[in-house]
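Take a look at the structure below.
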Amino acid sequence: MLAAVLHRLGEPLSIEERPLPQPGSGQVRVRVEACGVCHTDLHAIRGDWHAKPRLPCTPGHEICGIVDAIGPDVAASRLGERVGVFWLNRTCGQCEWCGVGWETLCPNQINTGFGVPGGFAEALVVDADFAIPIPQTLIPLEAAPILCAGVSSYKGIRETEAKPGDWIAIVGVGGVGHLAIQYARALGLRPLAIDVSDDALALAKSLGVERTLNARTDAVARTLRKDLGGVPAVLMTASSAEAIRLGCELLRRRGTMAIVGIPPGDFQVPTFDIVVKRFTIRGSIGGTRQDVRDALDLAALHGIRAKVETQPLVAVNDAFARMEAGSVAGRIVLRPNASAPA
């Protein structure tokens with residue numbers, strides 16, 4: 001099968017032939033129809049984080065495809081099922097975090113496209129319990145971005161504890177942010193969008209935000225404090241320390257910022273305001289299997305769709321270059337098999 005493989009951190013992916021994987025006990029093989037390209041993939045191949053991918057590595061964790069083979073102990077009914085594969089490839093199921101429904105915090109988790117081969121390939125294997133059925137009303141190109149960008153925005157919004165009718169500032173209207181706007185509206189919130197790109201803010205307007213602000217040209221924090229007294233919730237999808245500092249300035253008393261985008265380095269926090277104004281700054285890492293199901297169901301019910309550009313697998317390095325340059329509106333989705341149905 002064809003796969004895009006990382007052999008050394010910081011180098012381009014190599015397009016090469018790899019053996020077709022065979023499912024083991026409790027596993028299914030998924031023929032990939034579509035796989036989204038995520039900033040997490042970019043950070044991983046550059047080696048930006050303390051944790052590094054297991055090399056050689058086939059990235060990709062926004063995967064939609066068809067189960068075409070099953071291992072022992074998997075129901076035959078799963079053959080032919082359209083499923084999604086996401087960041088969590090498997091967890092231990094036995095630690096304290098798995099036991100209380102926080103499998104995203106499992107210290108023994110294995111991640112798709114990081115610890116085991118991912119979706120930048122024609123096929124992959126995954127534990128059957130982590131192959132999530134796709135609602136019939138979603139086609140692969142629509143479903144793939146929900147498996148990370150969608151669930152990350154949905155879970156991040158939930159982490160802010162915003163209530164229906166609350167304002168929520170979406171900082172960064174990219175692959176995650178433009179979906180976050182749609183999820184926020186579906187959850188009864190009032191999203192406002194902040195970015196440094198007029199094109200991104202125009203996209204936000206088209207998605208129904210009530211207000212947009214350009215962080216380069218507008219006095220964002222001063223304006224929102226004057227007009228609204230600050231906002232109770234911030235979803236930080238931008239991955240820079242500067243953006244996170246701005247997010248802190250936007251919060252009103254008892255406000256909560258959930259951080260989805262991870263900057264390459266650390267950042268300083270306003271300790272005085274955290275204490276005196278009772279700010280909460282909270283990390284949000286992807287979602288559990290139930291979060292994925294919820295995000296998919298909401299997308300199907302409310303017509304939440306990513307702005308998608310499709311590319312063949314062989315264009316993966318160009319996709320990363322454009323992502324680094326900030327020239328991707330929405331989400332790039334790779335189609336390893338050009339003959340697969342959309």
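The values are calculated or read from the model by the stated rules, or taken from the named source; none is laboratory data. Note that the structure is a prediction, hence the values are computed from the model and not measured. Glycine gets a Cβ as well: all are built from the backbone with ideal geometry, and neighbour counts include every protein chain shown.
Of all residues in the stretch 219-236, none satisfies being under 26 Å from the mean Cα position of the chain (by Cα), at negative phi and of a type in the set (S, T, N, Q). In the stretch 230-245, of all residues being at pLDDT below 90 and in a loop (DSSP other than H, G, I, E, B), the one that is surrounded by the fewest Cβ atoms within 10 Å (Cβ to Cβ) corresponds to Ser240. The residues in the stretch 315-339 that are surrounded by fewer than 13 Cβ atoms within 10 Å (Cβ to Cβ), assigned to a loop (DSSP other than H, G, I, E, B) and either on the phi > 0 side of the Ramachandran plot or of a type in the set (Asp, Glu) (or both) can be counted, and the count is 1. Taken as a whole, the condition of being surrounded by 17 or more Cβ atoms within 10 Å (Cβ to Cβ), outside the structural domain of Glu62 (by TED's automatic domain parsing) and at pLDDT 95 or above applies to Leu187. One residue alone among Thr91, Thr112 is within 14 Å of the chain's Cα centre (by Cα), modelled with pLDDT of 95 or more and not hydrophobic (A, V, I, L, M, F, W, C), and that residue is Thr112. The condition of being surrounded by 17 or more Cβ atoms within 10 Å (Cβ to Cβ) and either assigned by TED's automatic domain parsing to the domain that holds Val126 or under 30 Å from Ala51 (Cβ atoms) (or both) holds for only one of Ile274, Ile262, Ile194, that being Ile194. Looking only at the stretch 1-41, residues that are of a type in the set (Asp, Glu) and farther than 17 Å from Phe114 by Cβ come to 3 in all. Just name the residue that is modelled with the lowest pLDDT out of those in the stretch 198-229 that are buried (at least 18 other Cβ atoms within 10 Å of the Cβ) and in a loop (DSSP other than H, G, I, E, B). Out of the qualifying residues, it is Ala215. With the requirement that a residue be surrounded by 16 or more Cβ atoms within 10 Å (Cβ to Cβ), among the aliphatic types (A, V, I, L, M) and in contact with a Gly (Cβ under 6 Å, 6 or more places away or on another chain), what does the stretch 1-32 give you? Selection gives Val30, Val32.
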